[in-house]
Amino acid sequence: MNRTAMRASQKDFENSMNQVKLLKKDPGNEVKLKLYALYKQATEGPCNMPKPGVFDLINKAKWDAWNALGSLPKEAARQNYVDLVSSLSPSLESSSQVEPGTDRKSTGFETLVVTSEDGITKIMFNRPKKKNAINTEMYHEIMRALKAASKDDSIITVLTGNGDYYSSGNDLTNFTDIPPGGVEEKAKNNAVLLREFVGCFIDFPKPLIAVVNGPAVGISVTLLGLFDAVYASDRATFHTPFSHLGQSPEGCSSYTFPKIMSPAKATEMLIFGKKLTAGEACAQGLVTEVFPDSTFQKEVWTRLKAFAKLPPNALRISKEVIRKREREKLHAVNAEECNVLQGRWLSDECTNAVVNFLSRKSKL
Ligand SMILES: CCCCCCCCCCC/C=C/C(=O)SCCNC(=O)CCNC(=O)[C@H](O)C(C)(C)COP(=O)(O)OP(=O)(O)OC[C@H]1O[C@@H](n2cnc3c(N)ncnc32)[C@H](O)[C@@H]1OP(=O)(O)O
């Protein structure tokens with residue numbers, strides 16, 4: 001609405017002040033200073049404060065902005081304030097019309113729900129009836145969602161699960177559809193794809209956070225070593241039963257887990273398949289913090305929203321400094337793990353374990 005020809009009433013002014021509090025998107029320092037100056041001018045008249053010292057940067061910037069309005073009459077300042085707030089309307093519309101908690105949702109995913117809100121892109125595994133097992137389609141969709149999240153305007157990216165599981169790991173039916181080229185070709189193609197998939201986590205440029213809402217198995221656990229923070233419900237468990245499945249570690253865990261938790265503890269998990277509780281995983285350094293399930297979502301999302309308000313460039317640069325010296329090593333480990341797994345998938349040990357699960361003879 002063009003209000004320049006109108007006189008803003010005191011009521012309009014108060015409404016605008018309330019609207020500013022509801023702004024969803026930070027309008028930036030320049031606009032905030034302008035709003036501050038116009039507010040002061042409209043309520044107190046020309047700048048009447050002593051000039052702050054040069055080292056009092058914030059108050060000095062505020063003083064400069066207010067002082068720059070000179071002798072602008074209170075009424076005109078009030079009008080300018082209302083106009084400025086109304087020019088921020090796209091952000092206001094989204095804040096006032098969208099129900100609290102309603103996300104901007106990306107369509108085009110079958111196995112995920114991807115949403116973006118409050119500076120956070122949330123990638124949620126969405127096959128709850130299958131305990132969020134990762135089928136081939138989901139591997140591809142996670143890669144696509146991560147690539148999009150690395151370029152969108154979000155500050156941090158979160159992976160979580162829908163339902164009672166975080167994820168039961170690789171969908172064991174991935175091994176069943178054998179192409180005309182036979183099992184060797186299937187194993188080779190899967191190794192190439194797995195390497196690309198894990199590579200997306202190694203190279204992800206923004207802070208990547210796991211919100212582990214329930215049990216996690218296999219690759220959904222190993223990848224956690226490539227995340228920047230892992231928050232877990234006390235219902236979560238962490239299980240990598242690779243030997244039971246005739247397989248071997250992936251997700252760079254053969255390198256990250258011994259570093260994170262000590263070689264002996266990593267061996268118990270990765271070779272002997274010891275399942276850790278959330279508390280144990282936290283004590284071993286794999287999990288950042290554990291929360292009671294009853295307050296998990298509330299506490300974690302409050303924290304994540306605060307993280308997402310931190311300066312984005314500082315977050316990315318700090319992550320890069322930490323990841324930089326490890327990146328090459330991680331890619332080499334990933335390549336080697338995929339190569340070893342390719343052989344494992346062709347073994348009788350692996351075939352029997354998958355057949356036993358699919359014929360309902362065994363579970364973990
Ligand atoms: C880029 C493309 C790459 C392709 C790459 C292919 C290969 C990459 C491989 C990478 C290496 C990964 C390794 C791993 O992740 S190893 C871990 C594999 N996971 C498992 O072994 C878990 C198997 N599941 C279970 O043991 C149990 O289901 C579980 C303990 C998780 C839950 O038991 P519960 O009794 O509570 O529930 P149900 O068993 O009744 O499960 C409900 C339904 O969900 C199906 N389900 C669950 N998990 C899986 C799974 N991992 N794969 C396939 N299906 C799964 C289960 O069968 C039930 O289905 P139905 O209701 O239809 O019976």
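Against the condition modelled with pLDDT of 95 or more, out of contact with any strand residue (DSSP E or B) (no Cβ under 8 Å at 6 or more places or on another chain) and hydrophobic (A, V, I, L, M, F, W, C), how does Val211 come out, does it pass? When the stated conditions are applied, Val211 does not pass them. For the stretch 241-277, the set of residues classified as open to solvent by 50 Å² or more (accessible area, probe 1.4 Å), free of Cβ contacts under 8 Å to residues at least 40 places away in the same chain, farther than 18 Å from Pro215 by Cβ and in contact with a helix residue (DSSP H, G or I) (Cβ under 7 Å, 6 or more places away or on another chain) consists of Ile260 only. Among residues that are open to solvent by 60 Å² or more (accessible area, probe 1.4 Å), among the basic types (Lys, Arg) and either away from the ligand (no atom under 13 Å from the Cβ) or closer than 24 Å to Ala133 by Cβ (or both), Arg360 is included. I need the full set of residues from the stretch 137-151 which are open to solvent by 20 Å² or more (accessible area, probe 1.4 Å) and either within 12 Å of the chain's Cα centre (by Cα) or of a type in the set (A, V, I, L, M, F, W, C) (or both), in order please. Scanning the stretch 137-151 gives Ala148, Ser150. Inspect all residues belonging to the stretch 145-162 and state whether any of them is near the ligand (Cβ under 10 Å from one of its atoms) and either in the same structural domain as Gln297 (by the TED database) or not hydrophobic (A, V, I, L, M, F, W, C) (or both). For the stretch 145-162, residues near the ligand (Cβ under 10 Å from one of its atoms) and either in the same structural domain as Gln297 (by the TED database) or not hydrophobic (A, V, I, L, M, F, W, C) (or both): absent. Please tell me if Leu33 is within 30 Å of Ile120 (Cβ to Cβ) and open to solvent by 70 Å² or more (accessible area, probe 1.4 Å). Judged against the criteria, Leu33 is not a match. Of the residues in the stretch 231-240, at least one is over 25 Å from Arg303 (Cβ atoms), crowded, with 19+ Cβ neighbours inside 10 Å and either within 14 Å of the ligand (Cβ to nearest atom) or in the same structural domain as Leu172 (by the TED database) (or both).
Only one of (1) open to solvent by less than 50 Å² (accessible area, probe 1.4 Å); (2) under 18 Å from Asn213 (Cα atoms) is not met by Glu280, so which one is it? The one condition Glu280 does not meet is (1).
Each row is one residue, and each column tells you yes or no for (1) assigned to a helix (DSSP H, G or I); (2) in contact with a helix residue (DSSP H, G or I) (Cβ under 8 Å, 6 or more places away or on another chain).
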position: Lys298; (1), (2): yes, no
position: Arg303; (1), (2): yes, no
position: Ala306; (1), (2): yes, no
position: Lys309; (1), (2): no, no
position: Asn313; (1), (2): yes, no
position: Ser318; (1), (2): yes, no
position: Ile322; (1), (2): yes, no
position: Arg325; (1), (2): yes, no
position: Lys329; (1), (2): yes, yes
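Looking for whichever is closer than 23 Å to Phe307 by Cα and open to solvent by 10 Å² or more (accessible area, probe 1.4 Å) here; the options are Asn190, Asn174, Asn162. Which one fits? Testing whether each residue is closer than 23 Å to Phe307 by Cα and open to solvent by 10 Å² or more (accessible area, probe 1.4 Å) leaves just Asn162.
Among all positions in the stretch 299-318, there is no residue which is modelled with pLDDT of 95 or more, surrounded by 18 or more Cβ atoms within 10 Å (Cβ to Cβ), in the same structural domain as Leu224 (by the TED database) and of a type outside the set (A, V, I, L, M, F, W, C). Residue count for the stretch 342-363 under the criterion of being over 14 Å from Asn174 (Cα atoms) and either of a type in the set (Ser, Thr, Tyr) or part of a helix (DSSP H, G or I) (or both): the result is 9.
Looking at Asn339, is it touching a residue at least 24 places away in the same chain (Cβ under 8 Å), within 16 Å of the ligand (Cβ to nearest atom) and more than 27 Å from Thr237 (Cα to Cα)? In short, yes.
The values are calculated or read from the model by the stated rules, or taken from the named source; none is laboratory data. All values reported here derive from a predicted model rather than from experimental measurement. Backbone-built Cβ (ideal geometry, glycine too); neighbour counts: all protein chains shown. Areas reflect the complete protein model, heavy atoms only, side chains present, ligands, DNA and RNA absent. Shrake-Rupley method; radii C 1.70, N 1.55, O 1.52, S 1.80 Å.
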